[in-house]
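Read-outs: derived from the displayed coordinates by stated rules, not from any lab. Just so you know, these numbers come straight off a predicted model, no measurement behind them. FYI the Cβ positions are ideal-geometry reconstructions off the backbone, even for glycines, and counts take in every protein chain you see.
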Amino acid sequence: MPITPTDQIWMDGTLVAWSDAKVHVLSHTLHYGSGAFEGIRAYKTPNGVAVFRLKEHVERLLRSCKILMIDVPYSSKELCEAVKDVVRVNGLSEGCYVRPLVYLGYGEMGVNPIGAPVNVSIAAWPWGPYLGEDAVEKGVRMKISSWARHHPNAMPTAAKTIGGYVNASLAKLEAVRAGYDEAIMLGPDGRVSECTGENLFIVRDGALFSPPPSEAGALRGITQSSIVKIAADLGYSVTFEALRRDDLYLADEVFVTGTAVEVVPVASVDDRVVGAGRPGPITRAIETTYHQAVRGERPQYEDWLTRV
Ligand code: PPE
């Protein structure tokens, strides 16, 4: 998806002009992929622009770095302030997507990352619907990938590791080139894991199920956890349960969740129509509530919002 440039990007504690936010070609992460990132959204609310679940995202970034043994030279508090600054200085009062990135910079070559400088950047720009303009309305077509999700001893699946996304990119390419909107990935054990940039839920007999993140080798999605809360508040039961591909084919409803995608219904999986082939009532109710919660239209979820 194309990027709409904004004015300034935070790099290692300083705001620099968008066009000057550059790195050296010998930056360590560019060669070996070690580093971590986050995806955060900010929304326009009746009381000004607010970042959704800011602290949770920043803390997940720091946890990803802990796994990678990367010492981030900023505290959670400093990074939260920096995210707010970036949204504010770029005048993104209509909302935006924020991309914090921790990477190893220029100075060391060779796989050994010890001694490479740790750099942090935070950029923000307006980002539209992740899976297309009519995804929420019509639902998306999914394909189960021939690429398996990482084995947890091959890539730490709890970390949002930069290099880990090669696996996601391969699955995405395969799905898109075959004419689908997105891929669903199975774990090394053949159970459903997650999508290339989303977690997944199914609805069966009025109840919700999602693969348990750590067993499924899926990212512990912050949106997934918001949906668990919203679904429970709406009176639906939610269970983390291992799912197989036939559970997807036979589900009454399927939807995906993530910061970038938000909540998007699935219309078909491997050309098997899900339910009636249009977004189901439970997906609709959850999508609507999430849409309102992130925009500050649901006072009960006000704790999730940080005004900039
Ligand atoms: N799984 C994966 C693999 C993933 O990348 C994301 C977020 C999620 C689950 C959902 O996590 P959460 O955002 O905490 O609910 N994907 C981010 C990056 C997408 C991209 O293309 O870049 C995102 O949504 O920001």
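Descriptive notes on the structure:
- Listed from fewest to most Cβ neighbours within 10 Å, the set Glu94, Glu174 follows the order Glu94, Glu174.
- Eligible aspartates and glutamates near Lys229 by straight Cα distance, threshold 18 Å, same-chain separation 8 or greater: Glu56, Glu198, Glu241, Glu262, Glu287, Glu297, Glu302, Asp303
- For the range 171-188 and the range 77-106, distance of Cα centres in Å: 30
- Computed over the range 219-261, Cα set: Rg, Dmax in Å: 11.4, 29
- The share of C-alpha pairs in the range 253-308 whose separation exceeds 17 Å stands at 46 percent.
- Here the residues Thr29, Thr4, ranked from fewest to most Cβ neighbours within 10 Å of their Cβ, fall in the order Thr4, Thr29.
- Computed from the C-beta positions of His24 and Arg88, the FRET efficiency with R₀ = 35 Å rounds to 0.75.
- Extent along principal axes [Cα atoms of the range 135-294; Å; largest to smallest]: 39, 29, 26
- The label point for Ser76 and the one for Glu297, both projected 7 Å from the Cα toward the Cβ, are 3.1 nm apart.
- Judged by the mean number of other Cβ atoms found within 10 Å, the most tightly packed of the peptides 116-128, 270-282 leads the ranking 116-128, 270-282.
- The Cα-based radius of gyration and maximum Cα-Cα distance (Dmax) for the range 8-125 are 14.6, 51 Å.
- With respect to the chain, whose longest principal axis is taken over its alpha-carbon atoms, helix 165-177 is tilted by about 50°.
- Of Lys22/Lys55; Lys55/Lys160; Lys22/Lys84, pairs whose Cα-Cα distance is over 18 Å: Lys22/Lys55; Lys22/Lys84
- Computed over the Cα atoms of the chain, pair by distinct pair, the Kirkwood hydrodynamic radius stands at 20.0 angstrom.
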